[in-house]
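This report concerns only the one structure given below.
The values are calculated or read from the model by the stated rules, or taken from the named source; none is laboratory data. Predicted, not measured: the structure shown is a model, and the values here were computed from it. Because the Cβ atoms are built from the backbone with ideal geometry, glycine has one as well, and the counts that use them run over all protein chains shown.
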Amino acid sequence: MITHLLSAADLDAATATQVLDTAGEMAHLADREVKKLPTLRGRTVVNLFYEDSTRTRTSFEVAAKRLSADVINFSAKGSSVSKGESLKDTALTLQAMGADAVVIRHEASGAPHRLASWIDGSVINAGDGTHEHPTQALLDAYTMRSRLGRLAGLHVVIVGDVLHSRVARSNVHLLHTLGAKVTLVAPPTLLPVGVGAWPAAVSYDLDSALSDADVVMMLRVQRERLSGSGRDSFFPSDREYSRRYGLDDARLRRMPGHAIVMHPGPMNRGVEITAEVADSARSTIVEQVGNGVSVRMAVLYLMLGGL
Ligand code: CP
């Protein structure tokens, strides 16, 4: 297993499959009365979050606790970061307290890479700026494989704000490694420069991409990243965005009967996805959150358990 998990591109097919298989074993634990394994007893996992999170932070905490690790939750808000302490000094402080692994979310792309060069323990990227979110891609792949039985040969359509999406980038890397075909669908203003070099097809037309999709993954419109640069320059209005790129009931009916709908959360209901679609039987959104615990247990177990 790898020492750090900074990018989904760090995972070759064998390692990624090992994580997914191990997550499948971890999932059985959730059905037991006592949901704990002693594997990481005496190890310390630090959750170092400089950016808000609901799903990722809580699922890493639950995952580490189910493996009997000690968990330190560190939030930049309310810490000495507000007095000007640097990431490096914060990291060295946490290392002095005996951190074996640091799970970091940071608004700056590349922060986990810097951290990995400063500390001895393992670093897991829990989302850095607009760059990557590798454990989200792993839990998404796990969910697809659980629902559809395979990953190789699947057609995964990823729709929306690709420009600001670390989830899209990590999914493209991992799905390509595991043999799925990816189509990115977005307005031209929400695609990054150089997207043509990604191992994915690109389309501006959602309706034409839906007919042979096995998975339709909707991305959150990242209002907080759009507002700084003038939202009007990306799309005219929420209503216009929904009309061209939103997933509603009519579009859901045009998807193949077996195809599933995914969203990493948090959602803007009524913008990129309607409430009816988000809550439909075709949606895996809540399942993805549950699978996140199993996948993060697998990552911690394989990275810290010495396998
Ligand atoms: N999908 C995801 O990263 O959600 P959070 O921001 O709530 O962690």
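Quick grid of which residues meet (1) under 21 Å from A9 (Cβ atoms); (2) at pLDDT 95 or above; (3) among the polar types (S, T, N, Q):
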residue	(1), (2), (3)
S165	yes, yes, yes
S170	yes, yes, yes
H173	yes, yes, no
H176	yes, yes, no
L184	yes, yes, no
A200	yes, yes, no
S203	no, yes, yes
A209	no, yes, no
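Pairing each residue of region 164-182 that is surrounded by 23 or more Cβ atoms within 10 Å (Cβ to Cβ) with any residue that is of a type in the set (F, W, Y) and at pLDDT 95 or above, provided the two are 6+ apart or on different chains, yields C-beta distances under 6 Å for V172/W198.
Of all residues in region 59-90, those satisfying the criterion of being of a type in the set (D, E, K, R), more than 16 Å from the ligand (Cβ to nearest atom) and farther than 17 Å from H106 by Cβ are K65, R66, D70, K83.
The criterion of at least 2 residues that are of a type in the set (F, W, Y) and either buried (at least 18 other Cβ atoms within 10 Å of the Cβ) or under 23 Å from the mean Cα position of the chain (by Cα) (or both) is met, among helices (runs of 4 or more DSSP H) falling completely within region 197-307, by 238-245. The residue of region 19-58 that is surrounded by the fewest Cβ atoms within 10 Å (Cβ to Cβ), among those that are farther than 15 Å from I72 by Cα and within 14 Å of the ligand (Cβ to nearest atom), is T54.
Where helices (runs of 4 or more DSSP H) fall wholly inside region 59-162, the ranges with 3 or more residues that are surrounded by fewer than 24 Cβ atoms within 10 Å (Cβ to Cβ) and free of Cβ contacts under 8 Å to residues at least 40 places away in the same chain are 87-96, 111-118.
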